[in-house]
1. Could you count how many residues in the range 227-256 are more than 54 Å from the chain's Cα centre (by Cα) and of a type outside the set (Lys, Arg)?
2. Given the options GLY252, GLY291, GLY298, name the one that is closer than 27 Å to SER202 by Cβ and not basic (Lys, Arg).
3. Is at least one residue of the range 196-206 of a type in the set (Lys, Arg), part of a loop (DSSP other than H, G, I, E, B) and modelled with pLDDT of 95 or more?
4. With respect to ALA239, determine if the residue is in contact (Cβ under 8 Å) with a residue 40 or more places away in the chain, in the same structural domain as ASP206 (by TED's automatic domain parsing) and closer than 17 Å to LEU204 by Cα.
5. Taking the residues in the range 136-145 that are crowded, with 18+ Cβ neighbours inside 10 Å and in contact with a strand residue (DSSP E or B) (Cβ under 7 Å, 6 or more places away or on another chain) as candidates, determine which candidate is nearest to ARG177 (Cα to Cα).
6. Filter the range 152-188 for residues that are in contact (Cβ under 8 Å) with a residue 40 or more places away in the chain and either assigned to a loop (DSSP other than H, G, I, E, B) or crowded, with 19+ Cβ neighbours inside 10 Å (or both) and give the result.
7. Can you name every residue in the range 138-151 that is assigned to a loop (DSSP other than H, G, I, E, B) and among the acidic types (Asp, Glu)?
8. Just checking, how many residues over the range 211-233 are assigned to a strand (DSSP E or B) and touching a helix residue (DSSP H, G or I) at 6+ places or on another chain (Cβ under 9 Å)?
Amino acid sequence: MTEPTGTADESGEGAVDEIVEAGSDDSGEDRTEDRSEDSTEFEGPRRRARREREERRAAQERAIAIENARREAKRRVVGRSSDAPKPPARGLIRGLKALMWSALISVLAVGVGLLLYFTPIMSARVIAITGLVTLTQDEVEQAAAVSTDTPLLQIDTDTVADRVAAIRRVASARVQREYPSTLRITIVERVPLVVKDYPDGSHLFDKDGVDFATAPPPPGLPYLDAETPGPSDLPTKAALAVLTALRPEVAGQVSRIAAPSVAAITLTLIDGREVIWGTTDRTDEKALKLGALLTQPGHTYDVSSPDLPTVK
């Protein structure tokens, strides 16, 4: 066996020393790191509570700062908006526009009206008259008294109608403006229903008892026998009511109607037959009975009592 040499011992001791030194260095570093990690991961309850309070305080201060900043920004915006002039509302603008247009249209309408009223642009160049039977165009125009160069708007149609209606033969008159330049007069002439003789001639009366003309009567017109004929005379009104109730074929046979009173009306026919009418009660029924009664031969026909008509 070979014994180890001195060199080997020295080298072995050096190796051991190196290992020990290395181990001592590494373990020192590891222990330092372990202590630092332990101090971080395993802090005490007091330190942890302190740290949490500081974190909460910092978070609260940050929230308060953010809220204050937000309020300040809002105050600035509100201050700027209150200082700036507010735009007018849409409804106000529409109302002003409508008012402006209404005023403009009113001014234009007034201007056009004044133009037509005071200038002969739309004057009465034509006077058209309708309803003439016996009257002439000249008679009506003279009564109307309207100048052909008068603006239509200046013509009082009611006044002109009253002037035309004042003609005895006119029962009614109507006056109308027809733009651009026509004045139309529509009349209704009175129709003679009975005639009565006076010293100055024959007077014609219409269905209302109006004495509207002194002229020769048309053929076959019945003669009225009343004391004071007129629109307000009761016997006259009764006699005219009887004539208008008769059927046309019967009314054409009447030559004379006498009305000394409202209760003693009599009719005389063209052939001389006589009809006793009596009062105006049940006039329509009497007229119906008389039409059938006249088909019977006789001279006197009494319908004063329509329930018991008689023929003599």
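1. Of all residues in the range 227-256, those more than 54 Å from the chain's Cα centre (by Cα) come to 227, 253-256.
Still in the running and of a type outside the set (Lys, Arg): 227, 253-255.
The total comes to 4.
2. Working: GLY291 fails: closer than 27 Å to SER202 by Cβ; GLY298 fails: closer than 27 Å to SER202 by Cβ.
Result of the check over GLY252, GLY291, GLY298: GLY252.
3. Initially, the range 196-206 is screened for residues of a type in the set (Lys, Arg), giving 196.
Next cut, part of a loop (DSSP other than H, G, I, E, B) only: none.
The answer is no; no qualifying residue exists.
4. Values: in contact (Cβ under 8 Å) with a residue 40 or more places away in the chain: yes; in the same structural domain as ASP206 (by TED's automatic domain parsing): yes; closer than 17 Å to LEU204 by Cα: yes.
Yes.
5. So in the range 136-145, the residues crowded, with 18+ Cβ neighbours inside 10 Å come out as 140, 143-144.
Right, trim to in contact with a strand residue (DSSP E or B) (Cβ under 7 Å, 6 or more places away or on another chain) and you get 140, 144.
On the way: VAL140: 16, ALA144: 14 Å.
Here the answer is ALA144.
6. ARG168, ARG169, TYR179, PRO180, SER181, LEU183, ILE185, ILE187
7. Taking the range 138-151 as the starting set, the residues that turn out to be assigned to a loop (DSSP other than H, G, I, E, B) are 145-150.
Hit for the range 138-151 is ASP149, nothing else.
8. First pass over the range 211-233, keeping only residues assigned to a strand (DSSP E or B): 211-214, 223-225.
Right, trim to touching a helix residue (DSSP H, G or I) at 6+ places or on another chain (Cβ under 9 Å) and you get 224-225.
The total comes to 2.
The values are calculated or read from the model by the stated rules, or taken from the named source; none is laboratory data. These figures come from a predicted structure and were not determined experimentally. Because the Cβ atoms are built from the backbone with ideal geometry, glycine has one as well, and the counts that use them run over all protein chains shown.
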